[in-house]
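Reading through the structure tokens given below for one structure.
The values are calculated or read from the model by the stated rules, or taken from the named source; none is laboratory data. A quick note: this is a predicted structure, and the numbers were derived from the prediction, not measured. Cβ placement follows ideal geometry from the backbone for every residue including glycine, while neighbour counts extend to all protein chains displayed. Note: accessible area is taken over every heavy atom of the protein model, side chains too, but ligands, DNA and RNA are not part of it. Shrake-Rupley method; radii C 1.70, N 1.55, O 1.52, S 1.80 Å.
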Amino acid sequence: MQVPTQQSRGGAVLAGLGGWLPPRVVDNDELSRRIDTSDEWIRTRTGIARRHVVDNGLSTVDMAVQAGRRALRSAGSYGEGIDAVVLATSTPDHLCPASAPQVAAELGLSGAAAFDVNAVCSGFVYALATAAGLIAAEIATRVLLVGADAFTTLLDPDDRTTVPIFGDGAGAVVLRQGSPDEPGAVGPFDLGSEGELTDLLYVPAGGARLKRSDDPSDHYLRMQGQAVFRHATARMASSSRAVLEKAGWHTSDVDRFVGHQANVRILTATAKNLGLPADSLVVNIGHTGNTSAASIPLAMLDGVVDGTLRAGDRVLVSAFGAGLTWGSTVLRWPGLECEPPA
Ligand code: ACO
């Protein structure tokens, strides 16, 4: 789907960025004592050394509130007058209702429009397009967009094919109405899906199709890793090409590639496919694992903090997730004051 740019209706501009990771850290050695795996296997196959996980009752809403608060602080005066809160998540605190209204209330934003977007690991890019659309349509002027997932709550703790690759966390941005020509203006977008391939990555039970299953494994994430890998690299590359063409950018115009952090080999293969140099990649998966909808804003934040993402950089953003779903966008990086993720 080619989403119209907001060029004719005003731009949506990135004005703040924040992130939060739960304090409990699980490294590969700890995992190796629990399941049949090794630090060497996980590092070489995924690039992950450790991940943060929720415990002690921490939830998606709790993480989203922490990240949201930091993004609002980062936005300064643009953090005031927020009229919509969009939460990208596939692990809401409750099946019903959405978690965004609770996030809004806990941030003192009660009264703002608030809803969840579920496109799993593509959720942040889908929600970014949605938030930009709200601004372009003049339904909102300032939007808090949070990507937050407690993805480890979907995993069978004994499943060595999924446990090593996921972590929990939240990342958030503030978008404000502005000019499509100024630094930070997001878009155009390319979004897509392929629902025929839902069962490559899904949780069979717990939803309306099968509320409860006698087979406990039906309540955990089921993943065909190799097939997901192949689709991820192909779709992130084709979606990136589509959005670059729409933006009128050549591959050589891209300074930084912020891709969904699912596996460092997926990022490297996608960059190679696109002809982007390896040093254009913003990579933080080593200490976060795959944090699903939080992964892109958390990678942006680490990029700002460690200096790989600088004001003026031309940035390509691309994500891929269960569904299957994918999405990409571009922006010129604005100057932002950010706190490191706590
Ligand atoms: N530790 C040790 N050995 C393992 C582990 C483990 N944790 N897991 C699998 N193995 C073994 C397998 O049994 C297999 O053994 P065999 O050769 O004796 O049969 C061997 O390692 C290789 O297994 P593969 O599945 O071929 O390993 P691969 O290189 O494909 O890596 C991985 C697996 C990391 C899951 C990779 O396929 C991948 O990253 N896929 C994409 C997953 C993904 O990104 N999912 C999220 C998408 S985004 C979203 O929406 C959530």
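If R0 is 22 Å, what FRET efficiency do you get for E80 and V305 from their C-beta distance, rounded to 0.05?
With R0 = 22 Å, the Cβ-Cβ based efficiency is 0.35.
Per DSSP H run of at least 4 residues, take -39500 (n - 2.57); add these up for the chain, divide by its residues and hand me the 222 nm value, nearest 500 deg cm²/dmol.
After summing the helix terms and dividing by residue count, I get -9000 deg cm²/dmol.
Keeping the other protein chains in place, figure out the carbon and sulfur percent of the accessible area of segment 91-186, with a 1.4 Å probe. Don't jump to the answer; show the numbers that get you there.
On the way: 1790 of 3360 Å².
Looking at segment 91-186 in its full context, I get 53 percent from C and S.
Going toward the positive end of the dipole of the chain, with +1 on Lys and Arg Cβ and -1 on Asp and Glu Cβ, which of L191, V146, T130 do you reach last?
In the chain, that residue is L191.
Nearest 20 debye, what's the magnitude of the dipole of segment 227-274 about its Cα centre given +1 on Lys and Arg Cβ and -1 on Asp and Glu Cβ?
Dipole of segment 227-274, to the nearest 20 debye: 220 debye.
Counting only GluC sites (Glu not before Pro) that are in a DSSP loop and have at most 14 other C-beta atoms within 10 Å, tell me the longest site-free stretch of the chain.
Counting at most 14 other Cβ atoms within 10 Å as exposed, the longest clean stretch of the chain is 195-336.
Which helices pass in the chain if a helix is a full DSSP H run, must span at least 27 angstrom along its long axis by Cα, and must have mean Kyte-Doolittle hydropathy not below -1.0? Can you show the working numbers first?
Details: long enough: 225-247 (32 Å, -0.15).
What comes out of the filter, once short or polar helices are dropped, is 225-247.
What is the distance in Å between the Cα centroid of segment 35-50 and that of segment 115-136?
Cα centroid of segment 35-50 versus Cα centroid of segment 115-136: 32 Å apart.
Under a point-charge model restricted to the Cβ atoms of Lys and Arg (+1) and Asp and Glu (-1), what is the dipole moment magnitude of the chain relative to its Cα centre, in debye to the nearest 20?
Charge dipole, the chain, about its Cα centre: 480 debye, nearest 20.
Once the piece of chain linking N273 and D27 is laid out straight, how much longer is it, given 0.36 nm per residue of separation minus the C-alpha distance between them?
85.5 nm
For a Förster distance of 35 Å, can you work out the FRET efficiency between the beta-carbons of F229 and W249, rounded to the nearest 0.05? Show your work: numbers first, answer last.
On the way: r = 27 Å, r/R0 = 0.76.
Efficiency, from the Cβ-Cβ distance: 0.85.
Sequence-distant or interchain residues sharing an amide H contact under 5 Å with A88, placed H: which?
It is V117, V146, G147, A148, by chain and number.
To the nearest 20 Debye, how big is the dipole of segment 188-273 about its Cα centre, given +1 on the beta carbon of each Lys and Arg and -1 on that of each Asp and Glu?
I would put it at about 140 debye.
Per residue, how much accessible area does the chain have with a 1.4 Å probe, in Å²? Intermediate results must be reported in sequence, preceding the final value.
Working: 13800 Å² over 342 residues.
Averaged over the residues of the chain, the accessible area is 40 Å².
Specify which residue in the list Q102, N263, N56 is farthest towards the positive end of the charge dipole of the chain, using unit charges on the beta carbon of Lys, Arg (+1) and Asp, Glu (-1), about the Cα centre.
N263
Each label point is 7 Å from the Cα along the Cα-to-Cβ direction; what then is the distance between the points at L95 and R212, in nm?
1.1 nm
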